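Taken together, the values in this text are just the output of simple stated rules run on the coordinates, not laboratory data. Predicted model, so just to flag it, every value in this text is computed and none were measured. Because the Cβ atoms are built from the backbone with ideal geometry, glycine has one as well, and the counts that use them run over all protein chains shown.
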Amino acid sequence: MKKISKKQRVIAAESNPEKVVGLDLGDRYSHYCMLTASGELMEEGRIQTTAAALPKELKTACEPLLEQIVEMNRGIGEMDRKIDGLDKKYPEISILRTAPGVGPVVAACYVLTLDSAEAMETNRQAGAYLGLRPRQQQSGDSNPQRGIAKAGNTYLRSLLVQSAQYILSRFGPDSELRRWGLKLAASGGKRSKKRAIVAVARKLAVVLLSMWRNRKKFEPFPQSATGQTVAA
């Protein structure tokens, strides 16, 4: 039996006491299976993802769920439009969105959380303000780093961590920030990758505040750009 993927998009329902239905809702086609209460495969197949294409035994169980999905997608689309419209009121959102891994939600949450580009005296304070700076426990000559402080807005901190994960992934565009993070991740140790993600998230918070203050779009290699300007 083919294993149903995309766990977050799987719907399970009981069409009757004897059958359990699993449906993986893809964009055009879906894989479905029907199991007995004991877990034995009764039927499986590949169908178009429309209510009309559902087998008769699946239709009764899945039609109400498909209607809920349609309604949820409609609500998500409306919220997306509202978020996209925020840049008219807050033009700095468009500037922050030029950074890799920073979409409308991350940019809007950053702007609305900090409220002002002058909320902090220096750009470097942004990382500590959002709880992305490692806690330290100094004792004599020993000064080991511990986990991050986790202060500030939890949601924004999680969004920046997700952005950092994208930057360090194979899909992340080349930049000085990405190269710096990959170097940290390759430095060795069991937790080096996790530390690199947090470090990139912290540096991204600093970069975003600098972009906001200076009204400048993201520069993948700012030092190189400066060097070219001087040389010219």
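Some observations on this one:
- The order of Y155, Y90, going from fewest to most other C-beta atoms within 10 Å of their C-beta, is Y155, Y90.
- Pairs beyond 21 Å (Cα-Cα), from K193/K216; K89/K216; K89/K217; K88/K216; K88/K217: K193/K216
- Coupling constants for the range 172-179 follow from the phi torsions by the Karplus curve (6.51 cos²θ - 1.76 cosθ + 1.60, θ = phi - 60°), and in residue order they are x, x, 5, 6, 4, 5, 5, 4 Hz; glycine and proline get x.
- In plain terms, the chain from E67 to E219 could stretch by 50.3 nm, reckoned as 0.36 nm per residue minus the Cα-Cα distance.
- Extension gain (nm, one decimal) between Y90 and E118, 0.36 nm per residue minus Cα-Cα: 8.6 nm
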